[in-house]
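Read-outs throughout are calculated quantities, based only on the coordinates presented, and are distinct from any laboratory measurement. Just so we're clear, the structure is a prediction, and the values are computed from it rather than from any experiment. Note that we place each Cβ from the backbone using ideal geometry, even for glycine, and neighbour counts take in every protein chain shown.
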Amino acid sequence: MVKNKFTKIIILTIVLILCFSVTAFGESKEVTVYVNNEKIEFDVKPVIENNRIIVPLRGVFQRLDANIDWNKSLLQVAIKDEYNDIIMMLNNNKVIVNGEIKDIDVPVRMVNSRTFAPLRFISETLGHDIKWDGDTYTVYITKNISKPAVRNNLPTIDSKENLIALLEYNSKLFGYIGIRGNTVDDAVKQESVTNDGAGDFHQSPEKDSSDTNNQVEGVQEGDIIKNDGKYIYIRTDKGIKIIDSNPSSPKIVVENINIPENLNVNELFIADKKLVVIGQNNYFYIMDKEALENEKNDNISSPEISIMPPRYYEDRCNVLIYNIENIEKPALEREYLFDGNYSTGRVIDNNLYLITGKYIDMDSISLPSYTDVLENVKTEIGYDKINYFPNYVDSIYMFTIGINLEDKTSKPDVDVYLGSNQSVYVSNDNLYAAVTDYSYDVAAKSREIYNPVYRLSTVIYSFALKEGSIRPVSQGEVPGTIINQFSMDEHNNMLRIATTAGDVWQIGDNESKNNIYILNDKLNIVGKLEGLAPGERIYSTRFMGDKVYMVTFKQVDPLFVIDTANPYEPKVLGFLKIPGYSTYLHPVDENHILGFGYDTKENQWGGTVTAGLKISLFDVSNVNKPKEIKTDVIGKSGTNSELLYNHKALMFSLNKGIMAFPVTRMGENYNTDFIGAYIYNINSNDFSLKTTISHIENIKDNYTYGNEIKRIIYINDYLYTFSDKLMQVHSLENNKMVSELSLK
């Protein structure tokens, strides 16, 4: 009796398994697949699920000239041919096609320990024709070679579900590669380490005072100090002060402009009787019980109300625009709060352009917004208005903002994108945002099966600037990565960009190489020069007219002179190798360039170590044989200057014959023996130390925090030096101090 009962249980189990198979995978009739009339032989047969045919990952798609990889770490399928890139996640109905989010009926499945993927969706996405014969259960695929249609606009997220899916794909990829995508804080940091400046040898003769060391003439960059030739506007730890620059008796005209109490000021701009203040106005808040309940209803994980309720932190970029026609009473005309952290900004023809970025918290997703503070109006950006860049997303809302400074009744032009920027270059007409991208590399040989390799590239997005509006124009991509905003330059309606691809510390196929790419207004590559200085990486780049000056380094400092007069065939004209390296290149005139960096010495093991801060003057009049005609080394190893990572720290004027920058100088045994500013006489073919200035009388006995000189400017025949606590005025004629003013 027991035996018969056991037999019945076995038979019932088999019946249930068969029923489940029919329910899950449809009819048991065998499916046949032909590609260009050639039958595909499968080791595991295709199955039908929800009226859709799914097939083993390898076999048919390889016959369609596609490369296929199964990433076991991410549980993702990567399919790529010459024109298309498909990423599909196991059991996920959201897929990425050429960087765009798409919906599918049947996701990738595991069947009998094999990966199965939807046949029709993938075949049609790759551009091939597919037909189904229901009578014979046969699929006929005809191969085509066709490029996908080019989009004229960026896709929108459209829904919260799409946003979550995009971020999930992105976070898994970054986790697999072993990095975290650059946040806006990284972007802000990278923007602050720009390594080239255009200088002011185009300075307008009407104004005899120094400007911020801007990259592009006519494109003003923000800084902690501004001046209009009469008044100085300065950010201090006590607020923003306005100073009458009268050299013999300077005075503070406005002790502290009325700004929000918790505002941390990043940068200042001045433009036609307007002072623009930009900073972070972040705050902590406690979510009330009703808000927490709403989050729970939205299926967002939230902590429970407790004796100590959770505190939330919100990043807000504060933009304040003051009318300074009455200099003693600046009047606040407009104030805005934009979500996120301030990244970078520019003023062009009385129009302010800036970028902010807000990190997206997956535990509490909210729509991006901005607020007109004076009007008390908050504007929320819906999912159908949030764009994203195909092939690159990050867990950040990137705001592009344009404000007409002349028309105080105008509204900001605000757009939001899913993604971040790492470096921003701005010409008079366009803004270019560059980000590092990680793409599946079909050509690379993986060290371990089912672990695809991803290559690094730089994706560039261009935006047109006009009268305070910002409009997306094009998207392009180049191999390798860039160091900062000065890796890019617009010339004759084309974008030039310098990159390093590969790894400095590897040899073979992935050994580092340095490149120049030239892109047209559609951001398509039209010219390139690849493979420079194998085993090294770019440390600085300077674009001047048709020429590009590039410094690479590993053990010596090669300065390359590159000609781009023919943008379709750039070429190396000459190069120079010297000890040390330059992290910052600055033009003197069309035939001379200054390099700022470090001297280097060989150690006992044959490697290189940095020594003092090195200034080099290069003569490039003979482009085939550039020469180093003058050098100066400041201090010993450990000597540093903000100039080496922030071009705004340099004051340079060939017209005035002077340059200056802050220095912290090291002596023997890493002892600091000077903190202040170095001032040089400069002409087109020589420079010499003029004087040094310090706000510290005796560095050993009288050093206090806040006395480090941060900026140097000149107005007429006087030099002004600024630390957090003090402003000093010196005569350019005899170097003597004329006056000083406390900023405490």
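If you find the alpha carbon centre of the stretch 384-415 and of the stretch 721-744, how far apart are they in angstrom?
Cα centroid of the stretch 384-415 versus Cα centroid of the stretch 721-744: 41 Å apart.
Which pairs break 20 Å Cα to Cα here: K648/K710; K29/K131; K226/K378; K226/K648?
K226/K378
Among the listed pairs K230/K656; K143/K528; K102/K466; K408/K522; K238/K736, give every one whose C-alpha distance is greater than 23 Å. Display every interim value, and only then the final one.
Details: K230/K656 18 Å; K143/K528 33 Å; K102/K466 34 Å; K408/K522 34 Å; K238/K736 28 Å.
Among K230/K656; K143/K528; K102/K466; K408/K522; K238/K736, the Cα-Cα distance tops 23 Å for K143/K528; K102/K466; K408/K522; K238/K736.
Please say if the stretch 589-696 is rounded, prolate or oblate, where rounded means a/c under 1.5 for a ≥ b ≥ c the square roots of the C-alpha gyration tensor eigenvalues, and otherwise the choice is prolate for a/b larger than b/c and oblate otherwise?
Oblate.
Only loop residues by DSSP count here, and only those with at most 11 other Cβ atoms within 10 Å; note down the trypsin sites (Lys or Arg not before Pro) in the stretch 663-705 that meet that. Present the calculation step by step, with values, prior to reporting the outcome.
Numbers: sites: R665, K690, K700; in loops: K700.
In loop regions of the stretch 663-705 (DSSP not H, G, I, E or B), the sparsely surrounded trypsin sites (Lys or Arg not before Pro) are K700.
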